[in-house]
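Read the structure below first, then the notes.
The values are calculated or read from the model by the stated rules, or taken from the named source; none is laboratory data. None of these values were measured; they are calculated from a predicted model. Heads up, the Cβs are rebuilt from the backbone with ideal geometry, glycines too, and the neighbour counts pull from every protein chain shown.
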Amino acid sequence: MRRPLLAVATCVTLLSSALAAHHATAVFDLGKRLTLTGTVTEWFWANPHCLLRFDVKNDNGETTHWVAETQAPPNMIPFGWAKQSFAVGDQVKVTLEPVKNGQPLGRILQVLLPDGKTLVAGAPAIPAGETRP
Amino acid sequence: MTRRAVVAAIAAIALVTVSPVIRGQQGFRRAPGAVYDVDFQGKKSGPAPRRDISGIWEFANGGAEGIQADGAKAMPSDGKPDHELPFTPEGRKAFMDHKPTFGITQVPSALTNDPMPGCDPQGFPRIVLHNAHTEQIIQTATQVVILYQFNKKWRAIWTDGRKLPSNPEVPEWDIKGSPPPEARFWGYSVGRWVDDYTFVADSNGFDDRSWLDNAGRPHSDALHVIETYHRVDADHLEKTITIDDPKYYTRPWVALDKLPYRLQSASFEIPEQECVPSETAKYNELFANPAANGKP
């Protein structure tokens, strides 16, 4: 089994390197994944990044206001995202890469929509007016 | 099943699970309605038209080719010895004074002095060396005009035989007509056909506010940019950008090296992509600032 394991490990390493090459900068906790279920409060379809704001309730009934970014609209449209992708009140399941500092912020990797469809985040373009990854 | 086999299986499942996300982020990006070389595998293009680079041009190998997050595509700021720029002492000082958010001298976004996040004009040549997208080229009797997607900018390259202003600080054209505008983000440009399939443009007249790329590479007011457009065949155009700035660099260097573009349908519509200060301010308030400093 040594060879298959080595091959898989190599693939993971190569892919991770490719990802990191575009996102080497500071704020994101690279490689960390969170999946959160919440209620959409705003879908800001704008430059330099679109922002999905959603509320997540914990077991104690406490609500956390999350803000998650994507790239700008021209970079999201090719992957099926649109201004109409979310409505206030939608129940969504968001997989994101959180920031390092513990704030409820992250970069969207994918979102499971109420109708069962999944939107996957697009290529790491640098949108209008923005140079941070 | 042995323990190693179990580990290998788990790793394989993890890879399959995560790879679509990685592919989605890293991968090939298609602008709506655009065609790329991958769509024409095995098909040969027709011959290049003579002295014609007009049309709507998209990167031949996918829409993400022009992003150049880490700096000019042919010379990224990645610390590799081959990509070390030939700075003069003055140029190196200017480079170190810049605080980009990408490349080997990157800083957190809260500390950057990159003019672009505030929606200052990116100018030329940064418009083709960072966040570059679809271009439309229009040829008239006296100009080659290039329309850029990002911020809906455009440049006119004179082709009526005039020469660049010899002193961009007190600019004059060598032919009759209106005086050159007060440049500075976009410079003055003149071009010529060096053969039936190669168009070369020279530009000067820049001031030093803009950056060359997203990695904070600087230029001085002595910047001279050489653009070469080579019409390879009916469907392809290659663009090369050479930076010649004797104040900041000891020799010219190539920033784009024959980057291939593919001709799009005449009905292809270039998307709108604007830097909007009010949207940027909201983004900074809700995301960038709290992400950088930990305060909501």
Query - Residue satisfying condition, being crowded, with 23+ Cβ neighbours inside 10 Å and of a type in the set (Ser, Thr, Tyr), within set B:229, B:249 - result: B:249
Query raised in the report: If we scan the stretch B:140-152, do we find a residue that is surrounded by fewer than 17 Cβ atoms within 10 Å (Cβ to Cβ), on the phi > 0 side of the Ramachandran plot and not basic (Lys, Arg)?
Result: no
Report task. Taking residue B:238 as the residue in question, decide whether it is surrounded by fewer than 19 Cβ atoms within 10 Å (Cβ to Cβ) and either out of contact with any Phe, Trp or Tyr (no Cβ under 8 Å at 6 or more places or on another chain) or of a type in the set (Phe, Trp, Tyr) (or both). Result -> no
Query raised in the report: Which residue out of B:203, B:220, B:178 is out of contact with any helix residue (DSSP H, G or I) (no Cβ under 6 Å at 6 or more places or on another chain) and under 11 Å from residue B:125 (Cβ atoms)?
Result: B:203
Query raised in the report: Hey, among the residues in the stretch B:29-56 that are at pLDDT below 90 and surrounded by 15 or more Cβ atoms within 10 Å (Cβ to Cβ), which one's nearest to residue B:136 (Cα to Cα)?
Result: B:31
Report summary line: Of the residues in the stretch B:255-279, those that are under 21 Å from the mean Cα position of the chain (by Cα) and not in a strand (DSSP E or B) number 9
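Yes or no, residue by residue, for (1) in contact (Cβ under 8 Å) with a residue 60 or more places away in the chain; (2) touching a Pro at 6+ places or on another chain (Cβ under 8 Å):
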{"position": "B:114", "(1), (2)": "yes, yes"}
{"position": "B:130", "(1), (2)": "yes, no"}
{"position": "B:138", "(1), (2)": "yes, no"}
{"position": "B:155", "(1), (2)": "no, no"}
Query raised in the report: Just for strands (runs of 3 or more DSSP E) wholly inside the stretch A:1-110: which have at least 2 residues that are modelled with pLDDT of 95 or more, more than 7 Å from every other protein chain (Cβ to nearest Cβ) and under 20 Å from residue B:279 (Cα atoms)?
Result: A:34-44, A:51-57, A:63-69
Report summary line: Exception for residue B:243 within (1) touching a residue at least 60 places away in the same chain (Cβ under 8 Å); (2) in contact with a Ser or Thr (Cβ under 8 Å, 6 or more places away or on another chain) falls at (2)
Report task. Those residues that are surrounded by fewer than 21 Cβ atoms within 10 Å (Cβ to Cβ) and facing another protein chain (nearest Cβ under 7 Å), I need them from the stretch B:263-281; list them, please. Result -> B:271, B:274, B:276
Report summary line: Note on residue B:19: of the conditions (1) within 11 Å of chain A (Cβ to nearest Cβ); (2) touching a Leu at 6+ places or on another chain (Cβ under 7 Å); (3) modelled with pLDDT of 80 or more, unmet is (3)
Query raised in the report: Considering only the stretch B:109-144, how many residues are at the interface with chain A (Cβ under 9 Å from one of its Cβ atoms), among the hydrophobic types (A, V, I, L, M, F, W, C) and part of a loop (DSSP other than H, G, I, E, B)?
Result: 1
Report task. Test residue B:69 against the criterion of being closer than 21 Å to residue A:27 by Cβ, touching a residue at least 24 places away in the same chain (Cβ under 8 Å) and surrounded by fewer than 18 Cβ atoms within 10 Å (Cβ to Cβ), and give yes or no. Result -> no
**Report entry** Odd one out for residue B:84, checked against (1) under 20 Å from residue B:255 (Cα atoms); (2) within 14 Å of chain A (Cβ to nearest Cβ); (3) surrounded by fewer than 16 Cβ atoms within 10 Å (Cβ to Cβ)
**Finding:** (2)
